[in-house]
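The values are calculated or read from the model by the stated rules, or taken from the named source; none is laboratory data. Because the structure is predicted, anything quoted here is derived from the model rather than measured. With ideal geometry, Cβ positions are generated from the backbone for all residues, glycine too; neighbour counts draw on all protein chains shown. Surface accessibility is based on the protein's heavy atoms, side chains included, excluding ligands, DNA and RNA. Shrake-Rupley method; radii C 1.70, N 1.55, O 1.52, S 1.80 Å.
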Amino acid sequence: MKNFKEQIAKCLSKVANINEQELITFIEKPKSPELGDYALPCFRFSKEIGKAPNDIAEAWSKELNFQGTDIESVTNTGAYLNFKIYKQAMAETVLEEIEAKKDRFGESNIGKNQTVLVEYSSPNIAKPFHIGHLRTTLIGRALYNIYKKLGYNTIGINHLGDYGTQFGKMIEGYKRWQNEYNIEEDPIQVLTDIYVRINALCKEDESVLDECRENFKKLEQGDKYCVDLWEKFRDLSLKEFDKIYSLLDIHFDSIKGEAFYADKTDEVIDILNKTGKLVESEGARIIDLEDKNMPPCMVCKSNGSTIYATRDLAAILYRARTYNFDKCLYVVAYEQNLHFKQIFEVAKLLGISEKCQKGLEHISYGMVHLKTGKMSTREGNVIKVEELLKESISRVRKIIEEKNPELTEEEKDDIATKVGIGAVIYNDLSGSRIKDEVFDWDTVLNFNGETGPYIQYTYVRTKSVLKKAENIPNFKDIDIECLTEKDAYEVIKLLYSYTDIIESAAEKNEPSIISRFLIDLAKAYSSFYNENKIIVDDKKVRDARVYLTYVTSIVLNNGANLLGIKMPEKM
Ligand code: ARG
């Protein structure tokens, strides 16, 4: 596909005396489409050149020579240079590209030979999979798909919380009261209940707490009874999590819990000891981080046992050795900001390569609030994710039942699943990830708002147009000229921007850039559809419009799939 930014940068570099590659990164989308297709703000050159930004823009607009390129015009408004590309050139190159690549449109190889680990989901065994875990699961999966699309060697990791002293307690509780519960029926609920109960007992009776500690020690030492129980808890929990993963179609390349790193923490402590930075403090062993303005990172508790952070350090060491990663992304809620800042700092002492050190990145995200308040475990109103997903499906099922009673039961189920799940996914990925999110059914399932269902609905519309058209014209026969009028051209421009969109979503680790794009594309197509009759008598016009519908449907599906949203064929 022709690269217009590159063409612009090439011409610019001659008058601006600035490296082409650098210039490319400064080129942006103009504030309004009337101004042009691309813009260059000139503020940043002012100091170096010693002229006002407006004057720079004016001077360059006069000096620029864009003969022989696809640039149609250059104008200056204020401190901006605005560029218009020949519509014909833009339309032709993007349609040709989609025709050639079809569903693979947007793929690139900028990530070639680079490995990105994306750690996401990571729920805790024997604890509820809560709405925060849903968010990491969805953001992580989207990032995984985005990196993969760009040619990175991408590895998805589920870092299960399956270790810690709480298992000593759970074993104790289970030992005492297993006959009172039916663990197979609702394992996570039962284990949570047992956990609450044993905790209360520990507070009353110190000797019970000792028993629990003893159990954990035994678990660490590989005692059969304790290990068997722990495995049972783990397996039962995973089975529960799998129900959610299967509804959402989530997969991992590696599922390794904290327990996997339990026997790898000794080495971490050894390495840290040798640096002389591991110091004693009130019996515990810590790395002081005062010079980094952070509280110390504890590595070893006073009783000698390791903690969450120690296992994370062991995981970094293991991953650096196993994958020699370029990036290791942790999709974890912002409550753990400090934790990650600390361990990334301590990781610098582990002797891993500078590349790996620099590649560690916490992809933080905000909380989910119900419209009526915070969804918090502590307040007791835990929202069960599996129930939430099923409710979404059943709400959509009802809507479909009313709207399209003529569909078969099978069709209704398929639509309800895709739309119900898609709506939740879109809602989670629609805003910038760091922002807190409000969950409100009326917004999530609004077929006309900026929602998943709206994108799916638009896709279905493209499909029904294509069905009416009967056959998709040949790209070679399309008169591109027909697609340069306003509404069609808005669609064309968006389609062209798709590759840039994916790159910038990866650069910022921000799936919402894709969500925004999909809404923009769906809206642009809807305007085109509302303003222009597609199946007209004039074959030339009809073919061009049908073709635009065809490529739009490809790209809507393509982008939605990046987010994990599946498209129904009817709705
Ligand atoms: N299991 C943790 C939780 O549910 C998240 C784990 C995050 N990943 C990590 N490497 N620490 O809060």
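Give the range 523-551 a look and list any residue that's open to solvent by less than 40 Å² (accessible area, probe 1.4 Å) and without any contact (Cβ under 8 Å) to a residue 40 or more places away in the chain, or say none.
Once the filter is applied, which keeps residues that are open to solvent by less than 40 Å² (accessible area, probe 1.4 Å) and without any contact (Cβ under 8 Å) to a residue 40 or more places away in the chain, the range 523-551 yields 524, 536.
Being at pLDDT below 95 and not polar (S, T, N, Q) is the requirement here; does residue 15 meet it?
The answer is yes for residue 15.
Among the residues of the range 138-156, are any open to solvent by 10 Å² or more (accessible area, probe 1.4 Å), farther than 30 Å from residue 225 by Cα, hydroxyl-bearing (Ser, Thr, Tyr) and in a strand (DSSP E or B)?
No: zero hits.
Any chance the range 514-535 includes a residue that's within 21 Å of residue 30 (Cα to Cα) and β-branched (Val, Ile, Thr)?
yes
Test each condition in (1) in contact (Cβ under 8 Å) with a residue 12 or more places away in the chain; (2) over 30 Å from residue 365 (Cβ atoms) for residue 520 and report the one that comes out false.
(2)
Would the range 84-100 turn up any residue that is hydroxyl-bearing (Ser, Thr, Tyr), open to solvent by 70 Å² or more (accessible area, probe 1.4 Å) and over 30 Å from residue 255 (Cα atoms)?
Yes, the range 84-100 contains a residue that is hydroxyl-bearing (Ser, Thr, Tyr), open to solvent by 70 Å² or more (accessible area, probe 1.4 Å) and over 30 Å from residue 255 (Cα atoms).
Among residues belonging to the range 45-56 that are in a helix (DSSP H, G or I) and touching a helix residue (DSSP H, G or I) at 6+ places or on another chain (Cβ under 7 Å), point out the one that is modelled with the lowest pLDDT.
Checked the range 45-56; the qualifying residue modelled with the lowest pLDDT is 49.
Which one is surrounded by the fewest Cβ atoms within 10 Å (Cβ to Cβ), of the residues in the range 324-338 that are within 11 Å of the ligand (Cβ to nearest atom) and in contact (Cβ under 8 Å) with a residue 40 or more places away in the chain? Let's see the steps before the verdict.
Looking only at the range 324-338, we keep the residues that are within 11 Å of the ligand (Cβ to nearest atom), and these are 328-333, 335-336.
Remaining after also requiring in contact (Cβ under 8 Å) with a residue 40 or more places away in the chain: 328-333.
Numbers: 328: 25, 329: 24, 330: 25, 331: 26, 332: 23, 333: 16.
In this case the residue turns out to be 333.
Looking at the structure I just gave you, is residue 114 more than 11 Å from the ligand (Cβ to nearest atom), at pLDDT below 95 and open to solvent by 10 Å² or more (accessible area, probe 1.4 Å)?
Answer is no for this residue.
Which of the residues belonging to the range 344-389 are hydrophobic (A, V, I, L, M, F, W, C), part of a loop (DSSP other than H, G, I, E, B) and at pLDDT 95 or above?
Within the range 344-389, 349, 350, 352 meet the criteria.
Pick from the range 300-315 the residues that are open to solvent by less than 60 Å² (accessible area, probe 1.4 Å) and at pLDDT below 95: which of them is farthest from the ligand (Cβ to nearest atom)?
Taking the range 300-315 and keeping what is open to solvent by less than 60 Å² (accessible area, probe 1.4 Å), we get 300, 304-307, 309-315.
Filter again for at pLDDT below 95, leaving 300, 304-307.
Numbers: 300: 18, 304: 21, 305: 17, 306: 13, 307: 11 Å.
Among residues in the range 300-315 that are open to solvent by less than 60 Å² (accessible area, probe 1.4 Å) and at pLDDT below 95, the one farthest from the ligand (Cβ to nearest atom) is 304.
Tell me which of these residue 107 doesn't satisfy, since it passes every other one: (1) more than 11 Å from the ligand (Cβ to nearest atom); (2) assigned to a loop (DSSP other than H, G, I, E, B); (3) out of contact with any helix residue (DSSP H, G or I) (no Cβ under 6 Å at 6 or more places or on another chain).
Single failed check for residue 107: (3).
Is there a residue being part of a helix (DSSP H, G or I) and not β-branched (Val, Ile, Thr) anywhere in the range 430-439?
Within the range 430-439, not a single residue is part of a helix (DSSP H, G or I) and not β-branched (Val, Ile, Thr).
In the range 312-361, how many are touching a helix residue (DSSP H, G or I) at 6+ places or on another chain (Cβ under 6 Å), under 20 Å from residue 287 (Cα atoms) and of a type in the set (Lys, Arg)?
Total meeting the criteria: 1.
Quick one: residue 508 ticks every box in (1) of a type in the set (Lys, Arg); (2) surrounded by fewer than 22 Cβ atoms within 10 Å (Cβ to Cβ); (3) at pLDDT 95 or above; (4) touching a helix residue (DSSP H, G or I) at 6+ places or on another chain (Cβ under 9 Å) except a single one, so which number is it?
(4)
Looking at the structure I just gave you, is residue 163 touching a helix residue (DSSP H, G or I) at 6+ places or on another chain (Cβ under 9 Å) and either closer than 30 Å to residue 60 by Cβ or within 16 Å of the ligand (Cβ to nearest atom) (or both)?
yes
Quick one: count up the residues across the range 230-273 that are under 29 Å from the mean Cα position of the chain (by Cα), away from the ligand (no atom under 16 Å from the Cβ) and in a helix (DSSP H, G or I).
So the count comes out to 8.
Give just the number: which of (1) of a type outside the set (A, V, I, L, M); (2) modelled with pLDDT under 95; (3) within 21 Å of residue 550 (Cβ to Cβ) does residue 461 not satisfy?
(2)
Out of the range 404-427, which residues are over 27 Å from the mean Cα position of the chain (by Cα) and either outside any helix (DSSP H, G or I) or touching a residue at least 60 places away in the same chain (Cβ under 8 Å) (or both)?
Hits for the range 404-427 are 404, 405, 406, 407, 408, 411.
Do you know which residues across the range 339-359 are within 16 Å of the ligand (Cβ to nearest atom) and over 17 Å from residue 116 (Cα atoms)?
339, 340, 341, 342, 343, 345, 346, 347, 350
Counting only residues that are open to solvent by less than 10 Å² (accessible area, probe 1.4 Å) and over 10 Å from residue 158 (Cβ atoms), which one in the range 119-128 is nearest to the chain's Cα centre (by Cα)?
So the residue we want is 125.
Of the residues 277, 264, 217, only one is closer than 30 Å to residue 350 by Cβ, modelled with pLDDT under 95 and among the basic types (Lys, Arg); which?
Details: 277 fails: modelled with pLDDT under 95; 264 fails: modelled with pLDDT under 95.
Exactly one of 277, 264, 217 is closer than 30 Å to residue 350 by Cβ, modelled with pLDDT under 95 and among the basic types (Lys, Arg), namely 217.
Within the range 24-81, work out how many residues are surrounded by fewer than 16 Cβ atoms within 10 Å (Cβ to Cβ) and in contact with a Pro (Cβ under 6 Å, 6 or more places away or on another chain).
Number satisfying all stated conditions: 2.
Go through the range 237-282 and count every residue that is closer than 15 Å to residue 124 by Cα, open to solvent by less than 60 Å² (accessible area, probe 1.4 Å) and of a type in the set (A, V, I, L, M).
The number of residues fulfilling the criteria is 3.
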